[in-house]
1. Looking at the P(r) of the protein assembly as shown, how many percent of alpha-carbon pairs lie beyond 27 Å?
2. If we count GluC sites (Glu not before Pro) as exposed when they sit in a DSSP loop and have at most 10 other beta carbons within 10 Å, what is the longest stretch of chain B that avoids them all?
3. Would you mind ranking B:HIS93, B:HIS15 by Cβ crowding within 10 Å, fewest neighbours first?
4. Counting only helical runs of four or more DSSP H residues, what would the 222 nm mean residue ellipticity of chain A come to if each run contributes -39,500 (n - 2.57) and the total is spread over all its residues?
5. Once all Cα-Cα distances of the range A:63-108 are split into 5 Å bins that start at 0, what whole-number percent is in each one?
6. Could you work out how far apart the two model spin labels at A:GLU47 and A:ARG19 are, taking each label as a point 7 Å from the Cα in the direction of the beta carbon, and quote it in nm?
7. Relative contact order (percent) for chain B, with alpha-carbon contacts under 8 angstrom and 6 or more residues of separation?
8. Extension gain A:ALA58-A:TYR137, at 0.36 nm per residue separation less the Cα-Cα distance, in nm?
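Just so it is clear, none of the values below were taken in a lab; they were calculated from the coordinates. Predicted model only: the values in this text are computed from it and were never measured. Backbone-built Cβ (ideal geometry, glycine too); neighbour counts: all protein chains shown.
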Amino acid sequence: MSDCISLSDQPVDPTLARRLIELTQAGLPLVDDPWAWLAARLNMTPEEALLLLKQLQANGLIRRIAAVPNHYRLGYRHNGMTVWDVDDARIDELGHSIGSLPYVSHCYQRPRREGWPYNLFAMVHGLDATDIEHYRYSISAMLGDACRAHEMLVSTRILKKTGLRLPPPASC
Amino acid sequence: MLDELDLRLLDSFQHGMPICEKPYEAMAATLNCGEDELICRLQRLLDERILSRIGPVFDHGVAGASTLAALAVPAQRIEEVAVLVNACPEVNHNYLREHHWNMWFVLTAADQEKLDAALKRIEQQTELEALNLPMQSAYFIDLGFPVGSDARMAV
């Protein structure tokens, strides 16, 4: 047994985590020391705020802290939701392979439903319609025999898009 | 139009920025520019919506419960149904897609019960039955796209 306690083992007060999300979900301010800005609002020191961010990153609540591009504005205007009916016994192995492709942004296992046989979803993004068709064929080739059927649902219109917003506290 | 420094900035920090004291100073050092110059650029990229924000990207699980749902909306009802779905505060993305199941949206709520209630409400208001496809496993690696010279800039 190691004496070393990893950051992810340390519990984070959920109220504090929630407060941090509320403060930062729209972005950090462009000030010399954004952690000091955050710390002042969380009643802690900048060092504690930095440690809290690292803890949340270690336990998975924060995926990354980054300059987040708007891909639509960068020209990636075409997206296709590819859906696959994949052998359940191999879905984890295949899902990880597909999820690591550079043009796949999200890759999830979802349940099959009556009339809906697809259990693996991979969102592909490209600069034009040909790109995403090409990506679809590449994924199909990777899945090979493990895939029984697939479709690509191309998006034609964004009807609503808001960032992740926290729902109101559970009390209301 | 984005210049070479903008592209380097996006390439270098879209997957992660330094989590250290004075992160903007550290970013400027990586890019070999001044901190003022970097902050100026970040502000411009935010103003032009090339960057959606600078900060943490939270896991979907953070919201409590979430699901992907779809409706098969008859062509003549699309506008009407979109208004009903979009009015639901639990809906944060809604896309029209070419398929029999043509309206796809993500719902998030504080817990499973509230999530189920929101989807039920949508079904009742639209008089359509939803396909409810909650995530079972995520094979997520990272969200990032090359922004080199082959990316056609939209601005």
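1. For the protein assembly as shown, the share of Cα pairs beyond 27 Å comes to 50 percent.
2. Of all site-free stretches, the longest is B:1-126.
3. B:HIS15, B:HIS93
4. For chain A, the value works out to -10000 deg cm²/dmol.
5. 5, 16, 21, 23, 17, 10, 7, 2
6. Distance between label points: 2.0 nm.
7. Worked out over chain B, it gives 26 percent.
8. Net length gain for the segment: 24.9 nm.
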